[in-house]
Every structure is written in structure tokens, then in C-alpha cells.
Amino acid sequence: MQIHCTYCGAPLNISRKVAEAALEKLYAEDLAYYEVRCPKCRKMNKIPREVLLRAVPNWKPPAQAED
Ligand SMILES: [Zn+2]
């Protein structure tokens, strides 16, 4: 998946592996966004869950431990 930096428009590549790891982190920490630093302008870009899910359409949240 490729997105563009909000600030300078540089392309940011999000591999499937990165997107999966990002989704796991978002669910584990209950965050709405995953932050990626732009290599060009060094600013943090917030990537919403739904955008990451588009990169990994069959990803499922880990089962919640309930007791
Ligand atoms: Zn940038």
C-alpha cells in the first residue's frame, strides 16, 4: 500500500507486514491511528485503522482475553 505524506506529499510505502503489525499495535493499545514518520520531511503521519485494514483486508483483531 502506498500513501502520501500529508505535509509534503512524499510517497510512504506501507508493506503488508507493517500494516499487520500496526493493526496489532492499534488494537493492543486501543489507538485510533498508527503513526509513520515521513522519511522526507520527518513529520509524523497518522494512518487511521480503516486505511490499514484496506492494506490487509482479511486481518482479524486478536481474540480478546476475557475471564
Ligand atoms: Zn513528508
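The modelled label-to-label distance between Leu53 and Tyr7, using points 7 Å beyond Cα along the C-beta direction, is 2.9 nm. Computed extension length for Ala63-Lys25: 12.3 nm, one decimal, from 0.36 nm per residue of separation with the Cα-Cα distance subtracted. Just add up the charged neighbours of Ile3: K/R +1, D/E -1, any other residue whose Cβ is under 11 Å from the Cβ of Ile3. Net charge around Ile3: +2.
Dipole of the chain computed with +1 at Lys/Arg Cβ and -1 at Asp/Glu Cβ about the Cα centre; of Ser15, Ala28, Leu52, farthest Cα towards the positive end is Ser15. For the chain, with all protein chains in place and a probe radius of 1.4 Å, 49% of the accessible heavy-atom surface sits on carbon or sulfur. In the context of the full set of protein chains, the chain has a per residue accessible area of 73 Å² (1.4 Å probe).
If you average 1/r over every pair of different alpha-carbon atoms in the chain and take one over that average, what Kirkwood value in Å do you get?
By the Kirkwood definition, the hydrodynamic radius is 12.5 Å.
The values are calculated or read from the model by the stated rules, or taken from the named source; none is laboratory data. Keep in mind that what you see is a predicted model, and the values were worked out from it rather than measured. Please note: Cβ atoms are built from the backbone with ideal geometry, for glycine as well, and neighbour counts cover all protein chains shown. Calculation scope for accessible area: heavy atoms of the full protein, side chains included, ligands and nucleic acids excluded. Shrake-Rupley method; radii C 1.70, N 1.55, O 1.52, S 1.80 Å.
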